[in-house]
Amino acid sequence: MAEVISGSELALQFKEKIAYKVQQLQRQGKPKPTLAVILVGNHPSSVSYVKGKDKACKEVGFYSRMIHLAQDICEEDLSEVIINLNNDDEVDGILVQMPLPKHLDPLRMISLINPNKDVDGLHPINVGKLYLGLKGFKPCTPLGIIELLKSIHVDFTGLKAVVVGRSYLVGNPLSKLLQDLNCTVTICHSATKNIKEICKTADILVVAIGKAQYVDASFVKEGAIVIDVGINKIDNHLVGDVCFEEVSKVCSYITPVPKGVGPMTIAMLLQNTLDSYYLAKGGIE
Ligand code: NAP
């Protein structure tokens, strides 16, 4: 039976360290870090993710500025909101909750964020820095997955990692971070042939496709490490992209859904916001 890697426990450790650093800043008479989150419209999952981020900010002692805009806001008005936040010295991190309504171009909007406040790591400058191996903000979900992997203290050098999903949010940046851990990485997507056979060669299998319980035990090599990124709803219950029941009988480590990757995504957002604060305002890193 696999060992379950608890994202909620690891996230708690990160949040405790961040909260301690916020207390230190306050003892030095410095302001608290501030995260601004822009939500456009009322997409139910987005509303719930934004609430989660707001709650997490408060837990560690950050100021959380939630900016809720109408579904039909035009690009010009949204641009103005972003630029005002760029120019606001009190704001350390800016996040635009995705997905945006169809009439708004997400890349154009993200590109307006000051890269030094881009705590979601999606600005083209930060994406470029990631691929060039330069210091910059990295996307929160891939960062959280790397921390989950590091928490099991395995030597990753030379391991074969298969990432299923090639989105700019998860699969693609994660594949670069896994290369940085010296893994040999294969990316699969919806046009990949023989996906099951490829997955079965993986020492580390990461599934980020958004298809409920798509990966069953027949995709998984005995003893593999399995990271389930997917968030899907079945009968009002959250499930991942992996059949936890049967895959956990084959692999050595597995992340659950919920309480796996999700809490670490939020913990990394807080960490990036604190890093952004230090970048702008100085302090103990
Ligand atoms: P996305 O942008 O929709 O990308 C999905 C990727 O999966 C695409 O690359 C797609 O291939 C690939 N794909 C879809 N069906 C496939 C199949 N049958 N076989 C192989 N590849 C397939 O999604 P995303 O933003 O990466 O998110 C993926 C999942 O992770 C979703 O469930 C999302 O809710 C979840 N998520 C969780 C967190 C968290 O914090 N836990 C954070 C972000 C996302 P093509 O490129 O060929 O279309």
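Taking the stretch 34-136 as the region of interest, the strands (runs of 3 or more DSSP E) fully inside it that hold 2 or more residues being under 18 Å from the mean Cα position of the chain (by Cα) and under 29 Å from Ser8 (Cα atoms) are 34-40, 93-96.
Here's the yes/no breakdown for (1) surrounded by 16 or more Cβ atoms within 10 Å (Cβ to Cβ); (2) within 14 Å of the ligand (Cβ to nearest atom):
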{"position": "Cys183", "(1), (2)": "yes, no"}
{"position": "Ile187", "(1), (2)": "yes, yes"}
{"position": "Ala191", "(1), (2)": "no, yes"}
{"position": "Met264", "(1), (2)": "yes, yes"}
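Of the numbered criteria (1) open to solvent by less than 50 Å² (accessible area, probe 1.4 Å); (2) under 30 Å from Leu274 (Cα atoms); (3) assigned to a helix (DSSP H, G or I); (4) away from the ligand (no atom under 11 Å from the Cβ), the one Ser218 fails is (2).
Only one of Val226, Val242 is in contact (Cβ under 8 Å) with a residue 60 or more places away in the chain, within 15 Å of the ligand (Cβ to nearest atom), under 29 Å from Leu95 (Cβ atoms) and not assigned by TED's automatic domain parsing to the domain that holds Asp92; which?
Val226
Kindly establish whether Asp203 is in contact (Cβ under 8 Å) with a residue 24 or more places away in the chain and under 30 Å from Ser45 (Cβ atoms). No; evaluated as a whole, the condition is false for this residue.
Listed residues Leu270, Leu274; which is farther than 17 Å from Leu148 by Cβ, open to solvent by less than 40 Å² (accessible area, probe 1.4 Å), within 16 Å of the chain's Cα centre (by Cα) and more than 10 Å from the ligand (Cβ to nearest atom)? Quick ask: steps written out before the conclusion?
Working: Leu270 fails: farther than 17 Å from Leu148 by Cβ.
None of the other options fit; the residue is Leu274.
Only one of these is in contact with a strand residue (DSSP E or B) (Cβ under 8 Å, 6 or more places away or on another chain) and under 20 Å from Met264 (Cα atoms): Gly230, Gly144, Gly158. Name it. Going through Gly230, Gly144, Gly158 in turn, just one is in contact with a strand residue (DSSP E or B) (Cβ under 8 Å, 6 or more places away or on another chain) and under 20 Å from Met264 (Cα atoms): Gly230.
Please determine whether any residue of the stretch 114-135 is more than 27 Å from Leu181 (Cα to Cα) and either modelled with pLDDT under 95 or not acidic (Asp, Glu) (or both).
Within the stretch 114-135, one or more residues are more than 27 Å from Leu181 (Cα to Cα) and either modelled with pLDDT under 95 or not acidic (Asp, Glu) (or both).
When each of Lys53, Lys15, Lys21 is tested for being open to solvent by 50 Å² or more (accessible area, probe 1.4 Å), over 30 Å from Ala217 (Cα atoms) and modelled with pLDDT of 95 or more, the lone residue that passes is Lys21. Scanning the stretch 56-87 for residues that are open to solvent by 70 Å² or more (accessible area, probe 1.4 Å), under 23 Å from Ala267 (Cβ atoms) and in contact with a strand residue (DSSP E or B) (Cβ under 9 Å, 6 or more places away or on another chain) yields Lys58, Tyr63, Arg65.
The values are calculated or read from the model by the stated rules, or taken from the named source; none is laboratory data. What you see is a predicted model, and the numbers here were worked out from it, not measured in a lab. Ideal geometry is used to build each Cβ from the backbone, glycine not excepted, and the neighbour counts take in all protein chains shown. Accessible surface is based on the protein model in full, side chains and every heavy atom, while ligands, DNA and RNA are left aside. Shrake-Rupley method; radii C 1.70, N 1.55, O 1.52, S 1.80 Å.
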